[in-house]
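Notes to accompany the following structure.
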Amino acid sequence: MRSTRRSDGSAAGTRGDGWRRVRGVAVVVVLAALSVAAVRHWPEPPIGPRYVGAGDPTPRSGGTFVFAGGSNIRTFDPHVAYDQLSYMGIRLLFDGLLDYDRDSHLVPSLAVALPEVSNGGRTFRFELRRGVRFHNGRELTADDVVWSMRALLSSESASPGYPFYKAIVGAPDFHAGKRDDIPGIKKLGRYTVEFTLTEPDHTFLNAMALPFAYPVPRENYERWAKVGPDAVGRHPVGTGPFELVRWERGVEAVFKRFDGYWNQPHPGPDEMVFLENLAGPVATARFRNGDLDAIAGMPAVDYLFFKKSRAWKPYLDQYPGVTIWGLAMNCEMAPFDDVHVRRAVAFAINRKALSRALQGRALPTGQLLPPAIPGYDPDLPDRQYYDPERAKEEMALAGHPDGLAAPVTAWIGDSDNSRLIAQLWQQDLREIGIDVALRQVSFATYLEATAKKDTAQMFPSGWNMDFPDASNFLFLFDSHSIHPSHSDNRSFYRNPELDRLLAKARPETDPAARVKLYREANDIVARDAPWAFLYTPLEMEVWQPYVMGYRPHPIWLEDYRDVWLDLPRHRVPQSRYRDEPARAEAP
């Protein structure tokens, strides 16, 4: 969301949901009294689904699908977006040359087929589909692909996606302003485009499936770029199944079905409504009342309710996320420019206590790579773990045997769960002499600040895979991923040995040799501790019985572009669920 891409580090499954804090003792007292009075007369939420579908298995169009995010959407510009909430909208608006099916296999999308590969695995020729239309009515051609890639690779875009494509011939010099062309990107005909790399890169096709490479119309970018730096992201034009018709920032984004979509028939809702800043408890209550059509990342008590519910079981999926969560430290800012201070943090945090606080939804870890990714090693030599005495030794090695003289500031997301989890590791760090001041900000502010040089000392962060390869995690610590703003390497960590290993692994065609290199790189990152790696989550998603065509996607989180609604929906008497528990208690 993947935070880096996917979230603000609030907690496993919370997705940045949060209440706005109210200041003022008198106001708090009055609101508390009113809340108590209201709760006494508040009806119990429905125990099971309130509505079911019509029972017609034929996919069709119609209706409105409503979903939500726990914070505010940053942008709908695929060149600069790199977070979960933005991707949820971008996946409705845009297509790429390639995509992933539900088995994580690359498949053609705007391309007619997977590309023709030649030149020892360095050249990729794509043939585009004819008749694909942008939302403005103009046909997609190879010119759009070439222009979009040039815009992405320009330093002016400050795109965090640049590192994925730097193997294209001429891309680094173009990015640095040393040349005006990119020889490795060629238009060979109205519908044919070719990419040539300096060396084989087994992840290049994965990169071409990322939203960074989604084609955009030049005229739309040039029009809105004159208005302001974020105007393009507020007025997106793509080739996807939906087009944006209204966006009231911080409130909701409304999409309508694009009748000119190339991939017909494409049954789906006539309208999609994306609600912003919907706190976890509110989202869950609205979902159980039938006002939301799908949810993910509910608070702990609601997670337990759905987990134990027999009525909701057919409409629920729980699965291990290919995600890593941790506490990131800026290696260019004191005191985290000292590896021993970073290692002290890594050994100070009680990961099992975090897991208990998250109702078992967090699987403790001490390394970057999740278990599902080749290169993960349960016996990694330098893996991190909870050892307070070792942490104190590291503080002494850093010259701080009595702790730091001044507190550090940690930027956290705007939810109650963000603060709850932060208070746990805040207490752990206090035990070794590191006082942490928490700075709670909106998700958009968090994303901007943590990716900017010399801004955020410390912050919780999470990363969900873009594609199933260790490089998609390790690039977060490649020095080439550092940028003054929109930085992928948000720890601003540099290690020449790690850079060398990643560069050596990129063209390696032997899978076993590549995994060996990634395992070495994984160990270096665990040892140098730019993050204190904490846990991988168990994800849960729930949807209404009348929502059809949806299952969680292995790559794209909360990807609703292929749902359709079995309408009209019918109300269900709650007496049907008389044997269901009204609420689930913590185990």
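The values are calculated or read from the model by the stated rules, or taken from the named source; none is laboratory data. What you see is a predicted model, and the numbers here were worked out from it, not measured in a lab. Cβ coordinates were reconstructed from backbone atoms using ideal geometry, including for glycine residues, and neighbour counts include every protein chain displayed.
Only one residue in 114, 92, 106, 85 is buried (at least 23 other Cβ atoms within 10 Å of the Cβ) and either over 30 Å from residue 291 (Cβ atoms) or in contact with a strand residue (DSSP E or B) (Cβ under 6 Å, 6 or more places away or on another chain) (or both). Which one?
Details: 114 fails: buried (at least 23 other Cβ atoms within 10 Å of the Cβ); 106 fails: buried (at least 23 other Cβ atoms within 10 Å of the Cβ); 85 fails: either over 30 Å from residue 291 (Cβ atoms) or in contact with a strand residue (DSSP E or B) (Cβ under 6 Å, 6 or more places away or on another chain) (or both).
On inspection, the qualifying residue turns out to be 92.
Quick one: count up the residues across region 480-537 that are assigned to a helix (DSSP H, G or I) and hydrophobic (A, V, I, L, M, F, W, C).
13
This table checks each residue for (1) of a type outside the set (A, V, I, L, M); (2) touching a Phe, Trp or Tyr at 6+ places or on another chain (Cβ under 8 Å).
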{"residue": "292", "(1), (2)": "no, yes"}
{"residue": "300", "(1), (2)": "no, no"}
{"residue": "303", "(1), (2)": "yes, no"}
{"residue": "350", "(1), (2)": "yes, yes"}
{"residue": "368", "(1), (2)": "no, yes"}
{"residue": "376", "(1), (2)": "yes, no"}
{"residue": "402", "(1), (2)": "yes, no"}
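Give the residues of region 425-472 that are of a type in the set (Asp, Glu) and modelled with pLDDT of 95 or more, sorted by residue number.
428, 431, 435, 454
Would you point out which residue out of 193, 237 is under 19 Å from residue 138 (Cβ atoms) and under 23 Å from the mean Cα position of the chain (by Cα)? If you could, list the steps in order and put the result at the bottom.
Working: 193 fails: under 23 Å from the mean Cα position of the chain (by Cα).
When all the criteria are applied, what remains is 237.
In the set 296, 328, which member is under 21 Å from the mean Cα position of the chain (by Cα), crowded, with 16+ Cβ neighbours inside 10 Å, not polar (S, T, N, Q) and not assigned by TED's automatic domain parsing to the domain that holds residue 451? Spell out the reasoning first.
On the way: 328 fails: not assigned by TED's automatic domain parsing to the domain that holds residue 451.
Selected residue: 296, the only one of 296, 328 that is under 21 Å from the mean Cα position of the chain (by Cα), crowded, with 16+ Cβ neighbours inside 10 Å, not polar (S, T, N, Q) and not assigned by TED's automatic domain parsing to the domain that holds residue 451.
Buried (at least 21 other Cβ atoms within 10 Å of the Cβ), over 30 Å from residue 262 (Cβ atoms), at pLDDT 95 or above and of a type in the set (Val, Ile, Thr), is that true of residue 542? I'd like the intermediate steps shown before the answer.
Working: buried (at least 21 other Cβ atoms within 10 Å of the Cβ): yes; over 30 Å from residue 262 (Cβ atoms): yes; at pLDDT 95 or above: yes; of a type in the set (Val, Ile, Thr): yes.
Yes.
Kindly indicate which of 363, 354 is in a helix (DSSP H, G or I) and either surrounded by fewer than 21 Cβ atoms within 10 Å (Cβ to Cβ) or modelled with pLDDT under 95 (or both).
Working: 363 fails: in a helix (DSSP H, G or I).
It is 354.
Every residue, every condition in (1) more than 30 Å from residue 119 (Cα to Cα); (2) in a loop (DSSP other than H, G, I, E, B); (3) in the same structural domain as residue 133 (by TED's automatic domain parsing), yes or no:
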position	(1), (2), (3)
202	no, yes, yes
238	yes, yes, no
253	yes, no, no
256	yes, no, no
264	yes, yes, no
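Name the residue, out of 301, 273, that is outside the structural domain of residue 414 (by TED's automatic domain parsing) and modelled with pLDDT of 95 or more.
Values: 301 fails: modelled with pLDDT of 95 or more.
Exactly one of 301, 273 is outside the structural domain of residue 414 (by TED's automatic domain parsing) and modelled with pLDDT of 95 or more, namely 273.
Does residue 189 qualify as being of a type outside the set (S, T, N, Q) and either farther than 25 Å from residue 130 by Cα or buried (at least 20 other Cβ atoms within 10 Å of the Cβ) (or both)? Even if it seems obvious, please write down each step before you answer.
Numbers: of a type outside the set (S, T, N, Q): yes; either farther than 25 Å from residue 130 by Cα or buried (at least 20 other Cβ atoms within 10 Å of the Cβ) (or both): no.
Considered against the rule, which asks whether it is of a type outside the set (S, T, N, Q) and either farther than 25 Å from residue 130 by Cα or buried (at least 20 other Cβ atoms within 10 Å of the Cβ) (or both), residue 189 comes out as no.
Give region 63-105 a look and list any residue that's within 26 Å of residue 284 (Cβ to Cβ), touching a Phe, Trp or Tyr at 6+ places or on another chain (Cβ under 8 Å) and assigned to a helix (DSSP H, G or I), or say none.
Selection gives 85, 86, 87, 88, 89, 90, 91, 92.
Which numbered condition in (1) among the aliphatic types (A, V, I, L, M); (2) closer than 13 Å to residue 459 by Cα; (3) touching a strand residue (DSSP E or B) at 6+ places or on another chain (Cβ under 8 Å) is the only one that residue 434 fails?
(2)
Considering region 452-466 alone, what residues qualify as being surrounded by 24 or more Cβ atoms within 10 Å (Cβ to Cβ) and among the charged types (D, E, K, R)?
If the condition is that a residue be surrounded by 24 or more Cβ atoms within 10 Å (Cβ to Cβ) and among the charged types (D, E, K, R), then 466 is the only one that fits.
Out of (1) farther than 30 Å from residue 429 by Cβ; (2) touching a Gly at 6+ places or on another chain (Cβ under 9 Å), the odd one out for residue 512 is which?
Answer for residue 512: the failing condition is (2).
Listed residues 445, 450, 455; which is hydroxyl-bearing (Ser, Thr, Tyr) and either touching a helix residue (DSSP H, G or I) at 6+ places or on another chain (Cβ under 7 Å) or more than 29 Å from residue 486 (Cα to Cα) (or both)?
On the way: 445 fails: either touching a helix residue (DSSP H, G or I) at 6+ places or on another chain (Cβ under 7 Å) or more than 29 Å from residue 486 (Cα to Cα) (or both); 450 fails: either touching a helix residue (DSSP H, G or I) at 6+ places or on another chain (Cβ under 7 Å) or more than 29 Å from residue 486 (Cα to Cα) (or both).
455 is the lone residue from the list that is hydroxyl-bearing (Ser, Thr, Tyr) and either touching a helix residue (DSSP H, G or I) at 6+ places or on another chain (Cβ under 7 Å) or more than 29 Å from residue 486 (Cα to Cα) (or both).
So residue 214 clears everything in (1) assigned by TED's automatic domain parsing to the domain that holds residue 569; (2) buried (at least 20 other Cβ atoms within 10 Å of the Cβ); (3) out of contact with any helix residue (DSSP H, G or I) (no Cβ under 6 Å at 6 or more places or on another chain); (4) not charged (D, E, K, R) except one condition, right? Which one?
(1) is the only condition that residue 214 fails.
Sort out which residues of region 429-451 are surrounded by 16 or more Cβ atoms within 10 Å (Cβ to Cβ), in a loop (DSSP other than H, G, I, E, B) and either within 18 Å of the chain's Cα centre (by Cα) or not small (Gly, Ala, Ser) (or both), and write them in order of number.
Selection gives 432, 434, 441, 442, 451.
Among the residues of region 151-170, are any buried (at least 17 other Cβ atoms within 10 Å of the Cβ) and more than 30 Å from residue 557 (Cβ to Cβ)?
Within region 151-170, one or more residues are buried (at least 17 other Cβ atoms within 10 Å of the Cβ) and more than 30 Å from residue 557 (Cβ to Cβ).
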